[in-house]
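Asker: Questions regarding the structure given below will be posed in turn.
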Amino acid sequence: MSNTNQADLLPALHRLQEKFGYIPDHAIADLAKAHNMAQAEVVGVIGFYHDFRRTPPGRQRLRICRAESCQAMGADALAMHASTQLGVEFGATTADGEVTLEAAYCLGNCACSPAVMLDDDLHGRVSVERLDAILAEGRGV
Amino acid sequence: MTQRIFVPRDASAVSVGAERVCRTIENEARNRGLEVEIVRNGSRGLYWLEPLIEVEIDGQRIAYGPVAPEDVPGLFEAGWLRGGAHALFHGPSEEIPYLKRQTRLTFARMGVTDPLSLEDYRAHGGLKGLERALDMKAEDIVDAVDTGGLRGRGGAGFPTGIKWRTVMNADGGQKYIVCNADEGDSGTFSDRMLMEGDPFCLIEGMIIAGLAVGADTGYIYLRSEYPDAWDVLEDAIVTATREGILGANVLGSGRRFELNLFKGAGAYVCGEETSLLESIEGKRGLVRAKPPLPALEGLFGRPTVVNNVITLASVPWILAHGGEAYKAHGSGRSRGTLPFQLAGNLKRPGLVEVAFGMTLRELLYDFGGGSASGRPIRAVQVGGPLGAYLPESRFDLPLDYEAFAAVGATVGHGGIVAFDDSVDMAKMARYAMEFCAIESCGKCTPCRIGSVRGVELLDSMLAARPQRSNDDTLLRDLCQTMLEGSLCAMGGMTPYPVLSALDHYPEDFGLSPKQEEAST
Ligand SMILES: Cc1cc2nc3c(=O)[nH]c(=O)nc-3n(C[C@H](O)[C@H](O)[C@H](O)COP(=O)(O)O)c2cc1C
Ligand code: SF4
Ligand code: FES
Ligand code: FES
């Protein structure tokens, strides 16, 4: 019979990440104990899911959709612009700790491609100019 | 009675400004001393017109869109509360051809009602299916779904009645209904729309499934990319519980059904049903070998129905109107309707629910209006990232599971993504391999290693391309290995977009143009 205790692990990871922005190392032992798992197993689960991170993110998370519908509407150029503008590669955080740039593979906004998401805010039909405006607004400029 | 104005709360509509438009309308009405009631509805699915604002006049809804905040004062000036003429005026919503020509069964309430008003839901036919089901024997519920010919809308098209019967006949004890709301396929958004725009419909469908198979507990596995759908569902579950629809005594019947929301964590492969179950159990989302089928040994080892959002949301209509009425729509062995999703480079992207059997060309041009860029449509990907690319010569294919399978393509979850002639199909093939490499669960070699090898091969073909010296033997062999040796459709179908791109657009790969029409 499966261990139902372990079934609370993903919700617990989401709660931690919501609180800290990432899963801190010091939480792993507690998680393992609380869910009746080995620490290595917990680390394995965290590593499997793209959402969970083990290092602090930037103050904001900018996700750019790189999937097909958005590609058909110019997402590659938008992605390139974001990377140049922010001065970071995808997956990295700007030097000032403001923005973490990430790729997304469909945000369910394909009828308003290209799409980006700044934290939990979805934006559609995003031109290069709109992206700059969204980022400026996010920085409180 | 105060006049009602409908402003969608749908995430896509909000992504293009519906929230700001809503605030502007409120302010403008206040400044003008006008009393209006703003209703936050779902989206009608006419996304090129979003934010689409509807003004109710004598019970009829008049559409204006796409409305930007700066258009609002002018709309008041033009007398839109009396249906005044304006450049953004589209007349009565229901008469807009894009909407009028659809057959909205599953999406009948979409954009019409306030998603969180149970009163609205009931007034528009909601709960009729559940009420019927509560008076029926379990076998009869399954028979109705079977008669309707409903097949899984998540991708594989497996007959829902057969799946339910297996779970119904499985040993007693704890059983589960799991709704697959991972909607990972690019080019698709019908699950999101339904959850945000008509959440009670999904809840009703899940309860009916529970009654049919003898399950008293359900889970909705929702992708984390959909925070708005999460909020709406959470709210709807609270309301449904308070109103005695969910809980220990479903509509006073003495039957129990509890519903849990579960958040995914950004893994495409967790849309695969066994990976999804592993994920709910708190594990890495490794795909399980089948057998055992989830229907017999699913969640926590118990008999489990795993169905897509649209599959489950189609059930209340079938129960309310009967299997025969549903079956009356469709073509061949593809019965009923499918909410197609038009996306990519199209003038009029949106949600189009029609009976199976319509051609791709009708959807792309009659509904979609051709490309947004005005250039010729060169390629269309149907059925998500694992679906084949289809060239113009295939546009007259009827949308039907069997007709698509016959040419090595898939209808899948009904996503249709159009590309104009600026597309580089070798790059799209590379992307398909890259996506598989990023999202592979890692359990089997053809998928895990094959996809990485595929990216390398395509990179070298892309680099050599100007000299036209490429040979596709290695790439085709690799695709064959993935097709034959993968445990699930992630590795097993990634070759579809790659091979179809090779077959139909060899010139993009630096191969000599094909001599004859390829076989797939
Ligand atoms: C890699 C992969 C991803 C999948 N993603 C989804 C998904 O996001 N949503 C979905 O409903 N089905 C998805 N499926 C299909 C499911 O495995 C399963 O067939 C479906 O949930 C069954 O429900 P249905 O019969 O109602 O379609 C995916 C399959 C694979 C192989
Ligand atoms: S084909 Fe890929 S995703 Fe599917 S089980 Fe194998 S490694 Fe996992
Ligand atoms: S493909 Fe970008 S939002 Fe769907
Ligand atoms: S299952 Fe092991 S190689 Fe595919």
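The values are calculated or read from the model by the stated rules, or taken from the named source; none is laboratory data. Values in this document were obtained by computation on a predicted structure and should not be read as measured data. FYI the Cβ positions are ideal-geometry reconstructions off the backbone, even for glycines, and counts take in every protein chain you see. These area figures cover heavy atoms from the full protein model, side chains too; ligands, DNA and RNA do not enter into them. Shrake-Rupley method; radii C 1.70, N 1.55, O 1.52, S 1.80 Å.
Asker: Considering only residues that are crowded, with 18+ Cβ neighbours inside 10 Å and among the β-branched types (Val, Ile, Thr), which ones fall in region B:54-70?
Answerer: B:55, B:62, B:67
Asker: Looking only at region B:486-497, decide whether some residue is surrounded by fewer than 21 Cβ atoms within 10 Å (Cβ to Cβ) and β-branched (Val, Ile, Thr).
Answerer: Within region B:486-497, none of the residues are surrounded by fewer than 21 Cβ atoms within 10 Å (Cβ to Cβ) and β-branched (Val, Ile, Thr).
Asker: Filter region A:64-103 for residues that are within 11 Å of chain B (Cβ to nearest Cβ) and open to solvent by less than 10 Å² (accessible area, probe 1.4 Å) and give the result.
Answerer: Matches in region A:64-103: A:65, A:67, A:68, A:69, A:70, A:75.
Asker: In contact with a Phe, Trp or Tyr (Cβ under 7 Å, 6 or more places away or on another chain), under 30 Å from residue B:234 (Cβ atoms) and open to solvent by less than 50 Å² (accessible area, probe 1.4 Å) - does that describe any residue in region B:129-140?
Answerer: yes
Asker: Let me ask something else. Can you tell me how many residues in region B:472-485 are within 14 Å of ligand 2 (Cβ to nearest atom), open to solvent by less than 60 Å² (accessible area, probe 1.4 Å) and either farther than 21 Å from residue B:287 by Cβ or not aliphatic (A, V, I, L, M) (or both)?
Answerer: Within region B:472-485, residues that are within 14 Å of ligand 2 (Cβ to nearest atom), open to solvent by less than 60 Å² (accessible area, probe 1.4 Å) and either farther than 21 Å from residue B:287 by Cβ or not aliphatic (A, V, I, L, M) (or both) number 2.
Asker: Which of the residues that make up region B:248-265 are among the small types (Gly, Ala, Ser) and either closer than 13 Å to residue B:221 by Cβ or in contact with a strand residue (DSSP E or B) (Cβ under 7 Å, 6 or more places away or on another chain) (or both)? First the steps, then the outcome.
Answerer: Of region B:248-265, the ones among the small types (Gly, Ala, Ser) are B:248, B:252-254, B:264-265.
Result: B:264, B:265.
Asker: Can you give me the number of residues within region B:18-46 that are touching a Ser or Thr at 6+ places or on another chain (Cβ under 6 Å) and assigned to a helix (DSSP H, G or I)?
Answerer: Of the residues in that region, 0 qualify.
Asker: I need the full set of residues from region B:286-309 which are within 15 Å of ligand 2 (Cβ to nearest atom) and surrounded by 24 or more Cβ atoms within 10 Å (Cβ to Cβ), in order please.
Answerer: Scanning region B:286-309 gives B:287, B:294.
Asker: Taking region B:162-216 as the region of interest, how many residues are farther than 16 Å from residue A:110 by Cα, touching a Leu at 6+ places or on another chain (Cβ under 7 Å) and of a type in the set (Gly, Ala, Ser)?
Answerer: Of the residues in region B:162-216, 4 are farther than 16 Å from residue A:110 by Cα, touching a Leu at 6+ places or on another chain (Cβ under 7 Å) and of a type in the set (Gly, Ala, Ser).
Asker: Hey, another quick one. Return the residue satisfying two criteria in turn: it lies in region A:99-141 and is β-branched (Val, Ile, Thr) and closer than 21 Å to residue B:341 by Cα, and of such residues it is nearest to the chain's Cα centre (by Cα).
Answerer: Top of the filtered list is A:116.
Asker: List the residue pairs whose Cβ atoms are under 6 Å apart, where the first residue sits in region B:286-298 and is within 19 Å of residue B:161 (Cα to Cα), the second is open to solvent by less than 60 Å² (accessible area, probe 1.4 Å) and not in a loop (DSSP other than H, G, I, E, B), and the two are 6 or more positions apart or on different chains.
Answerer: Between residues of region B:286-298 that are within 19 Å of residue B:161 (Cα to Cα) and residues that are open to solvent by less than 60 Å² (accessible area, probe 1.4 Å) and not in a loop (DSSP other than H, G, I, E, B), the close pairs are B:294/B:273; B:294/B:304; B:294/B:306; B:295/B:163; B:295/B:166; B:295/B:167; B:298/B:277; B:298/B:304.
Asker: A further question follows. Does residue B:390 count as in contact with a strand residue (DSSP E or B) (Cβ under 8 Å, 6 or more places away or on another chain), away from ligand 4 (no atom under 16 Å from the Cβ) and not assigned by TED's automatic domain parsing to the domain that holds residue B:184?
Answerer: yes
Asker: A further question follows. So for region B:426-440 (the condition being away from ligand 3 (no atom under 16 Å from the Cβ) and of a type in the set (Val, Ile, Thr)), does at least one residue qualify?
Answerer: For region B:426-440, residues away from ligand 3 (no atom under 16 Å from the Cβ) and of a type in the set (Val, Ile, Thr): absent.
Asker: Only one residue in B:491, B:485, B:510 is modelled with pLDDT under 95, more than 19 Å from residue B:390 (Cα to Cα) and outside the structural domain of residue B:289 (by TED's automatic domain parsing). Which one? Give the derivation first.
Answerer: Values: B:491 fails: modelled with pLDDT under 95; B:485 fails: modelled with pLDDT under 95.
Just a single option satisfies the conditions, and that option is B:510.
Asker: Quick one: is residue B:51 modelled with pLDDT of 95 or more and open to solvent by 40 Å² or more (accessible area, probe 1.4 Å)?
Answerer: no
Asker: Right, something else. Please go through region A:116-132 and give me each residue that is facing chain B (nearest Cβ under 7 Å) and on the phi < 0 side of the Ramachandran plot, ordered by number.
Answerer: A:120, A:122, A:123, A:124
Asker: Please go through region B:451-471 and pick out each residue that is within 15 Å of ligand 2 (Cβ to nearest atom), of a type outside the set (S, T, N, Q) and closer than 17 Å to residue B:502 by Cα.
Answerer: B:453, B:454, B:455
Asker: A follow-up question, please. From the list B:423, B:411, B:417, which residue is at pLDDT 95 or above, open to solvent by less than 10 Å² (accessible area, probe 1.4 Å) and part of a loop (DSSP other than H, G, I, E, B)?
Answerer: After ruling out the rest, the residue left standing is B:411.
Asker: Give me a count of the residues in region B:89-111 that are open to solvent by 30 Å² or more (accessible area, probe 1.4 Å) and either among the hydrophobic types (A, V, I, L, M, F, W, C) or part of a loop (DSSP other than H, G, I, E, B) (or both).
Answerer: 5
Asker: Something else: For region A:35-60, what are the residues that are more than 8 Å from chain B (Cβ to nearest Cβ), over 16 Å from residue A:25 (Cβ atoms) and open to solvent by 80 Å² or more (accessible area, probe 1.4 Å)?
Answerer: Within region A:35-60, A:36, A:59 qualify.
Asker: State which residue pairs qualify: first residue open to solvent by 40 Å² or more (accessible area, probe 1.4 Å) and inside region B:447-462, second residue within 13 Å of ligand 4 (Cβ to nearest atom) and not small (Gly, Ala, Ser) in any location, beta carbons under 9 Å apart, and separation of 6 or more residues or different chains.
Answerer: B:448/B:441
Asker: Is it the case, given these coordinates, that residue B:73 is open to solvent by less than 30 Å² (accessible area, probe 1.4 Å), in contact (Cβ under 8 Å) with a residue 40 or more places away in the chain and not assigned by TED's automatic domain parsing to the domain that holds residue B:349?
Answerer: For residue B:73, the condition - open to solvent by less than 30 Å² (accessible area, probe 1.4 Å), in contact (Cβ under 8 Å) with a residue 40 or more places away in the chain and not assigned by TED's automatic domain parsing to the domain that holds residue B:349 - is not met.
Asker: Next question. Taking the conditions exactly as written (within 14 Å of chain A (Cβ to nearest Cβ), within 30 Å of the chain's Cα centre (by Cα) and within 30 Å of residue B:148 (Cβ to Cβ)), does residue B:42 satisfy them or not?
Answerer: Criteria met by residue B:42.
Asker: Continuing with this model, one more query. Please find, within region B:426-446, the residue that is farthest from the other protein chains (Cβ to nearest Cβ) out of those that are buried (at least 19 other Cβ atoms within 10 Å of the Cβ) and outside any helix (DSSP H, G or I).
Answerer: It comes out as B:444.
Asker: Give the residues of region B:363-376 that are of a type in the set (A, V, I, L, M, F, W, C) and more than 10 Å from chain A (Cβ to nearest Cβ), sorted by residue number.
Answerer: Hits for region B:363-376 are B:363, B:364, B:367.
Asker: Output the number of residues of region B:493-515 satisfying the condition of being within 16 Å of ligand 4 (Cβ to nearest atom), in a helix (DSSP H, G or I) and touching a residue at least 24 places away in the same chain (Cβ under 8 Å).
Answerer: Looking only at that region, the number is 1.
Asker: Select from region B:146-187 the residues that are over 22 Å from residue B:489 (Cα atoms) and within 14 Å of another protein chain (Cβ to nearest Cβ) and write down the one among them that is surrounded by the fewest Cβ atoms within 10 Å (Cβ to Cβ).
Answerer: Once the filter is applied, the top-ranked residue is B:173.
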